[in-house]
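Below is one structure; the comments refer to it alone.
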């Protein structure tokens, strides 16, 4: 399981809803056997919804999970007997879902932990992309022969946030590292047939918190470039596409999503991305444009979004909550049940909190496999993640055949108007070209810029009274700070923004946009 220990320990400090839970189920004895061969869906006996399955014979932090077509492979991780640091291990196991049992497989050639795993159709490639400085090292496992081989040393160095994308012939390894390093725009491709690497052209934009997908022609990467204080280099999340045939890059138009944390996967022929403010957008590579932002049926929180494609849908995981997105109907539905319903009472928070807040997502055909780690509570009821005694559990989720979408941005009341007002002023102040097209009509933006006081201090404002005008229209009074705050000539000027339905600058009808301005 990929641990991301440093980030998760930080999250444990800043998030209040971290909890404890019941101990994991006792795992069965590993049963040696030949690799399975299934002509039908090996998960066919698993019902729609959540199913708990047995833990691996040895459940370690930092182990790597990958779906190998007919079985789950788990390899490496930290030695369970060492508490103060991670001593890498060589153990590996396989899970056959048809018989619901684990078996040991050949140990890796050398110890590894926190590796990224990719299935090529023939081999599982494990690359150690993060850790001590130095070139990326790797190993590959062939389930048919149960043999391991070493992967040639990569021509790029390790770094946090590296993206791996399998094209069907080659593995592209790109990006990651610190914002002040050149390596955030560097990459290389690996050919497993010849066991050779080649450097690719540097990208125009470096990213170190990104998702990567293969469209059939291009690798699309999407995310942000953050510094050590989690500040982004761009006002919104950005993306770019790489064509391995021509060894060239192109930039995507800017999105309307937050640059602090996003996740993206390919659903059908579109890149669907969402952020920690729980808005999503779909990018169409053929038209090179983004759809209007869609509000998700989840609540914003301080977590890293994660996604997997399951049976042609996007499965979104966020702070112990989950939702499904269907591109055909362009809608979201929240998921309930199974581990999502497990809570524990905390006397420190005087409320029930969710046990299973963090999980890894392993796309496995028509299901998603989720090794989870839970929360512990101390004697005062304060939550701790990654502490001694943290419970683990292992779940499979199969989506239903149909979903009921949540399409609207929420209720069109005064709260929604206040949020839209704040979003518009923030986007205009930060020159966030990817967000503005979905917050105003062309006339609304033009009127705002025409009537805006020339000495307004950007982002210096207070939203005052909001009044409903009827027929879905609203007025929001905004007090703008003119001049330098604290100086004698500083002043406050009111301006009235009118919101309602209309066609956005982005070209789509939307229920709530800036349509006019009154001074």
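Tabulated values for the structure
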read-out: Complete set of residues in the stretch 429-448 that are on the phi < 0 side of the Ramachandran plot and either in the same structural domain as residue 280 (by TED's automatic domain parsing) or out of contact with any helix residue (DSSP H, G or I) (no Cβ under 8 Å at 6 or more places or on another chain) (or both); value: 429, 430, 433, 434, 437, 438, 441, 442, 443, 444, 446, 447
read-out: Any hit, the stretch 110-117, residues being modelled with pLDDT of 95 or more and more than 27 Å from the chain's Cα centre (by Cα); value: yes
read-out: Leading residue by the ranking (farthest from the chain's Cα centre (by Cα)) among those in the stretch 185-209 that are over 24 Å from residue 153 (Cβ atoms) and crowded, with 19+ Cβ neighbours inside 10 Å; value: 205
read-out: Residue match in the stretch 362-379 (condition: farther than 30 Å from residue 474 by Cβ and surrounded by fewer than 15 Cβ atoms within 10 Å (Cβ to Cβ)); value: yes
read-out: Long-range neighbours under 8 Å by Cβ, at least six apart or interchain, first residue outside the structural domain of residue 263 (by TED's automatic domain parsing) and without any contact (Cβ under 8 Å) to a residue 24 or more places away in the chain within the stretch 208-226, second surrounded by fewer than 24 Cβ atoms within 10 Å (Cβ to Cβ) and assigned to a loop (DSSP other than H, G, I, E, B); value: none
read-out: Filter result (out of contact with any strand residue (DSSP E or B) (no Cβ under 7 Å at 6 or more places or on another chain), in a helix (DSSP H, G or I) and over 24 Å from residue 292 (Cβ atoms)) within the stretch 437-484; value: 450
read-out: Residue match in the stretch 270-281 (condition: surrounded by fewer than 21 Cβ atoms within 10 Å (Cβ to Cβ) and modelled with pLDDT under 95); value: yes
read-out: Filter pass, residue 302 being out of contact with any helix residue (DSSP H, G or I) (no Cβ under 7 Å at 6 or more places or on another chain) and at pLDDT below 90; value: no
read-out: Lone qualifier among 260, 333, 281 - being out of contact with any helix residue (DSSP H, G or I) (no Cβ under 8 Å at 6 or more places or on another chain), touching a residue at least 40 places away in the same chain (Cβ under 8 Å) and assigned by TED's automatic domain parsing to the domain that holds residue 161; value: 333
read-out: From the options 212, 223, residue that is under 17 Å from residue 433 (Cα atoms), surrounded by 19 or more Cβ atoms within 10 Å (Cβ to Cβ) and at pLDDT 95 or above; value: 223
read-out: Counted residues, the stretch 117-129 - those being farther than 17 Å from residue 155 by Cβ and assigned to a loop (DSSP other than H, G, I, E, B); value: 4
read-out: Test for residue 120: is it under 20 Å from residue 244 (Cα atoms), within 23 Å of the chain's Cα centre (by Cα) and either surrounded by fewer than 21 Cβ atoms within 10 Å (Cβ to Cβ) or at pLDDT below 95 (or both); value: yes
read-out: Meets criteria (closer than 26 Å to residue 139 by Cα and assigned to a loop (DSSP other than H, G, I, E, B)) for residue 176; value: yes
read-out: Among the candidates 497, 479, residue that is at pLDDT 80 or above and surrounded by fewer than 17 Cβ atoms within 10 Å (Cβ to Cβ); value: 479
read-out: Residue satisfying condition, being surrounded by 19 or more Cβ atoms within 10 Å (Cβ to Cβ), assigned to a strand (DSSP E or B) and over 12 Å from the mean Cα position of the chain (by Cα), within set 256, 241; value: 241
read-out: Residue under evaluation residue 177, criteria (1) closer than 26 Å to residue 282 by Cα; (2) under 19 Å from the mean Cα position of the chain (by Cα); (3) surrounded by 21 or more Cβ atoms within 10 Å (Cβ to Cβ), criterion not met; value: (1)
read-out: Residues satisfying the stated conditions in the stretch 280-324, i.e. under 16 Å from residue 508 (Cβ atoms), part of a strand (DSSP E or B) and more than 12 Å from the chain's Cα centre (by Cα); value: 281, 282, 283, 284, 289, 290, 294, 295
read-out: Among (1) in contact with a helix residue (DSSP H, G or I) (Cβ under 9 Å, 6 or more places away or on another chain); (2) more than 30 Å from residue 43 (Cα to Cα), the one test that residue 378 misses; value: (1)
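The values are calculated or read from the model by the stated rules, or taken from the named source; none is laboratory data. Please read all numbers here as calculations on a predicted model, not as lab measurements. Ideal geometry is used to build each Cβ from the backbone, glycine not excepted, and the neighbour counts take in all protein chains shown.
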